[in-house]
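**Q** A single structure is presented below for examination.
The values are calculated or read from the model by the stated rules, or taken from the named source; none is laboratory data. If you're wondering where the values come from, they're calculated on a predicted model, not measured in any experiment. Cβ: placed from backbone, ideal geometry, glycine included. Neighbour counts: every protein chain shown.
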Amino acid sequence: MVGTLGNKVRALVSLRRAIATSDADVIHAWMYHSALLACLFARNRRRVLIAIHHTNPRDAGLPRATRLIALGCSLGSRLSGAVVYVADAAKVKHEQAGFSSRRSCVVHVGVDEKTMMPALDSARTQSRQRFGIPQDAIVVAHIARYHRDKDQPTLLGAFAQSLSTVARMHLLLVGRHLDESNIELRKLIEAYGIQDNVSLVGELDSTLEAFHAADIFCLSSLTEAFPVSLVEALQCGLLPVVTDVGECRAIAQGVGLVVPPNSVQDLADALLEAAAAADSRVPMSIRARGLEFSLSQMHDDYQAVYARIVALGAGSDLRVKSE
């Protein structure tokens, strides 16, 4: 919330009035700040659905104010109609921190399966031409923002090591601040001497073209809840290489490689293993795993939660869970 103190107060008063007078059957509050305000302002807190998209409310990387707000949400969870988590790991961490388990469930984020599709040969060729990548390269896509949680230094170290073995590998970096203006990132790339095999793309309106240019998808994160980009990569038929954080192992189960976080050697070994399998991968088999986390499934799961809140007045435990 930005602006002067007076503007902030007026905004809170307006929000309080809107929530208190709302005749909505369900108030869907996304993340800590909105959840706390909804619990404070709603006349009937059992209409409030608290949606949690963070793994750990005690995460030291969160601002202190946010951790305090999360503590307030834990109190509100005891009176709310439902607490819905994006991942099983998030549910465990939050309930250990004091969130009520009585009306909690997991609804995985869904991806639009009609948009994320494996590339046709023509789309693959065009995408590689756009990013200046050789057509015979083995392309590793990394789609994330530039942040310590995403651990790009470990990714670059692992890629540099794997590149010394497989010279036709290419790394495609897509996301906020993963561009040529990031001097810190460019210096690290140059220090490894891999600048000819790394494309710094930055943010894209749609990541589909980046997925279509790639063979492998890599997440090097130190922490995650439910990485949507991983599901998108699966639906596009990419071979996933991910760190064992949050829900990554569960999502990539049966189709990908999972390594410990913050390990250059383990990640480099996995990238080499994926590179060896890249040409023989079966995109539609990988896509089948991604389709288990579809937008239509998320819609159905949330509709079930909404119906439970409305029909039972949030008076019973929830039993909805995406598998």
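**Q** Given the residues VAL166, VAL140, which is the only one that is within 20 Å of the chain's Cα centre (by Cα), at pLDDT 95 or above, among the hydrophobic types (A, V, I, L, M, F, W, C) and not assigned by TED's automatic domain parsing to the domain that holds GLN303?
**A** VAL140
**Q** Hey, can you tell me all the residues within the range 173-201 that are touching a helix residue (DSSP H, G or I) at 6+ places or on another chain (Cβ under 6 Å) and either aliphatic (A, V, I, L, M) or farther than 21 Å from ALA233 by Cβ (or both)?
**A** VAL174, LEU188, ILE189, TYR192, ILE194, GLN195, VAL198
**Q** Filter the range 76-133 down to the residues that are surrounded by fewer than 16 Cβ atoms within 10 Å (Cβ to Cβ), basic (Lys, Arg) and under 22 Å from HIS212 (Cβ atoms) and list them by number.
**A** LYS114, ARG130
**Q** Filter the range 265-300 down to the residues that are outside any helix (DSSP H, G or I) and not charged (D, E, K, R), then identify the one that is surrounded by the most Cβ atoms within 10 Å (Cβ to Cβ). Spell out how you get there, then give the answer.
**A** Here is the first cut: in the range 265-300, the residues outside any helix (DSSP H, G or I) are 279-282, 294.
So of that shortlist, the ones also not charged (D, E, K, R) come out as 280, 282, 294.
Details: SER280: 7, VAL282: 12, SER294: 20.
So the residue we want is SER294.
**Q** Take the range 86-101 and flag every residue that is under 30 Å from VAL282 (Cβ atoms) and either among the polar types (S, T, N, Q) or part of a loop (DSSP other than H, G, I, E, B) (or both).
**A** VAL86, ALA87
**Q** Take the residues in the range 308-323 that are modelled with pLDDT of 60 or more and under 13 Å from CYS105 (Cβ atoms); name whichever of them is surrounded by the most Cβ atoms within 10 Å (Cβ to Cβ).
**A** The residue in question is ILE309.
**Q** Something else: Filter the range 224-264 for residues that are in a helix (DSSP H, G or I) and either charged (D, E, K, R) or outside the structural domain of LEU172 (by TED's automatic domain parsing) (or both) and give the result. I'd like the intermediate steps shown before the answer.
**A** Of the range 224-264, the ones in a helix (DSSP H, G or I) are 228-235, 248-252, 264.
Passing the criteria: GLU232, ARG249.
**Q** Next up: When you check ILE194 against the structure, is it of a type outside the set (D, E, K, R) and without any contact (Cβ under 8 Å) to a residue 40 or more places away in the chain, yes or no?
**A** In short, yes.
**Q** Then there's this: Considering only residues of the range 31-55 that are touching a His at 6+ places or on another chain (Cβ under 8 Å) and under 13 Å from PHE99 (Cβ atoms), which is surrounded by the fewest Cβ atoms within 10 Å (Cβ to Cβ)?
**A** That would be ALA51.
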